[in-house]
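Q: This is the structure I want to talk about, given as C-alpha cells.
Only the coordinates and a few stated rules stand behind these numbers; no lab work does. Just so it is clear, the structure is predicted and the values come from calculations on it, not from any experiment. Glycine also receives a Cβ, built like all others from the backbone with ideal geometry; neighbour counts cover every protein chain displayed.
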Amino acid sequence: MATTDIPDGTVRNILDQDTLKWVFVGGKGGVGKTTCSSILSILLAQVRSSVLIISTDPAHNLSDAFQQRFTKTPTLVNGFSNLYAMEVDPNVENDDIGGSEGMDSLFSELANAIPGIDEAMSFAEMLKLVQTMDYSCIVFDTAPTGHTLRLLQFPSTLEKGLQKVMSLKSKFGGLIGQMTRLFGIDDEFGEDAILGRLEGMKDVIEQVNKQFKDPDLTTFVCVCIPEFLSLYETERLVQELTKFEIDTHNIIINQVLYDEEDVESKLLKARMRMQQKYLDQFYMLYDDFNITKLPLLPQEVTGVEALRALSSHFTSPYQPSTSRSAVEDLERRISTLKLQLEHAEAELDRLQKGKQKV
C-alpha cells in the first residue's frame, strides 16, 4: 500500500493519555529530537498542570531551542506558567558527590573501574531530585540512540557496580579500612557509605524502571528522517525498547519533502523519490504505529513562537499547498518553458557569433 493511501498520524494519543508520567524522545543524532521534544512539552503544558523537560544529551540544545539559558535546576520557560526545563550533565560531578578529597578520589576510582557507572549514578541522582518534585509529566530530550540505550541499562549497570564493590570489600575490606583512615575519611564517608549510596541509587532507579515498563505511565517517541541510516537506527531502537519492555507507538518523521506547487528543482525531485522509498518502508514496518510527518522547513526552528507555529503539525497532518487549478498549472509550465527557450536561443546566438569570428 502506498503511503498516500494511509492517513497521517499525530501525537494526540500522547496528549489524550492523561496517565502518562514519563515521555522519552530519542533517535539518531541530527534528526530534530530537541525540537520535537520541546514542541511535545509545549503541547503537554496545554493539557497538564505542570510539565518538566529534561535534556540528558551532553551537547545540550534546549537553551538554543527556547532561546533561554537553562541549568541543572528546573527553570520556568519564558511565556509559560507551568512549563519548566533543565539540562543535566550525564557525567557524575565531584561537587554533587560531597565529602572530602579522599572520598572524591575513591569515588573517581570506582567510576573508572565500572564502565557506565558514572552516568548511571548521575542519572539516579537526577531521578531522586525529580521524584521530590510534583510534575504532572516529564519529557526527556535524550542523547543519540547509543547513549539512550545505555540509559535504559542503568539498573543492571548499578547492579554490577554493587557486586564489584561487595567483591572488593570481601577481598580487601581491611586494606580499604586502613586506606580510608590514612586519607582521613571517617565512617560517614568510608566504604560502607559508598555502598549505601550505591544501594540507595539502585533502589531509586529500580523503582523508576518499574514505572518505565508500565505503558500507562511511560512511552517512547522515536524521531527520524526518511533516509536509510535513520530507518536502520529507528528499527534498532524499537527492537531494544521492546527488549526492555518499554512502550513505543509513536514515530515522528522529520524533514520530509513534499511535492508542492513551487518545487521545480531536479535535485529536490530526486530527493523526494528517495525519501518516498523510505517512507513506504516506515509505513510497512510500523503499520500499527502513529506516524507523524513533518515538512523540511526553509529556516531553523528556534524560540517559543517558532516552536508553537510548528506544533500545529503535531496535532493535525501537514497539508502541502496544491491549490492551483489545472489551467494555472499549465500557464506556469508554459511560462517556464518560454523562459528556458529564451535562454537557449540567447546561448545559441552567442555560440554562432563566436563560430563566425573563428
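Q: So what are the ³J(HN,Hα) numbers for the stretch 282-291, from phi and the Karplus equation (6.51, -1.76, 1.60; θ = phi - 60°), rounded to whole Hz, Gly and Pro as x?
A: Result, ordered by residue: 4, 5, 6, 6, 10, 5, 9, 9, 8, 9 Hz.
Q: Shifting gears a bit: Near His343, within a Cβ-to-Cβ distance under 14 Å, what is the net charge of the other residues, with Lys and Arg +1 and Asp and Glu -1?
A: Values: positive: Lys338, Arg350; negative: Glu342, Glu345, Glu347, Asp349.
Neighbourhood net charge equals -2.
Q: Next up: Going by average Cβ density within 10 Å per residue, which order do the peptides 335-344, 209-218 take, highest to lowest?
A: 209-218, 335-344
Q: What does the highest-first list of 220-230, 280-290 look like by mean Cβ count within 10 Å?
A: 220-230, 280-290
Q: Expected output is a single nm value to one decimal: the length gained when fully extending between Leu297 and Leu267, i.e. 0.36 nm times separation in residues minus the C-alpha distance. What is it?
A: Fully extending the segment from Leu297 to Leu267 adds 9.2 nm.
Q: Right, another one. Would you mind calculating the gained length between Glu331 and His343 on full extension (0.36 nm times residue separation, minus the Cα-Cα distance), in nm to one decimal?
A: Between Glu331 and His343, full extension yields an extra 2.5 nm.
Q: Same structure, new question: Could you please report the charge total around Leu62, scoring K, R as +1 and D, E as -1 over all other residues with beta-carbon less than 9 angstrom from its beta-carbon? It would help to have the intermediate numbers written out before the result.
A: Numbers: positive: none; negative: Asp57, Asp64, Glu87, Asp141.
Surrounding charge for Leu62 is -4.
Q: Another one. What is the distance, in nm, between label points placed 7 Å from the Cα along the Cα-to-Cβ direction at Asp64 and at Asp216?
A: Placing both labels 7 Å along Cα→Cβ, they lie 4.0 nm apart.
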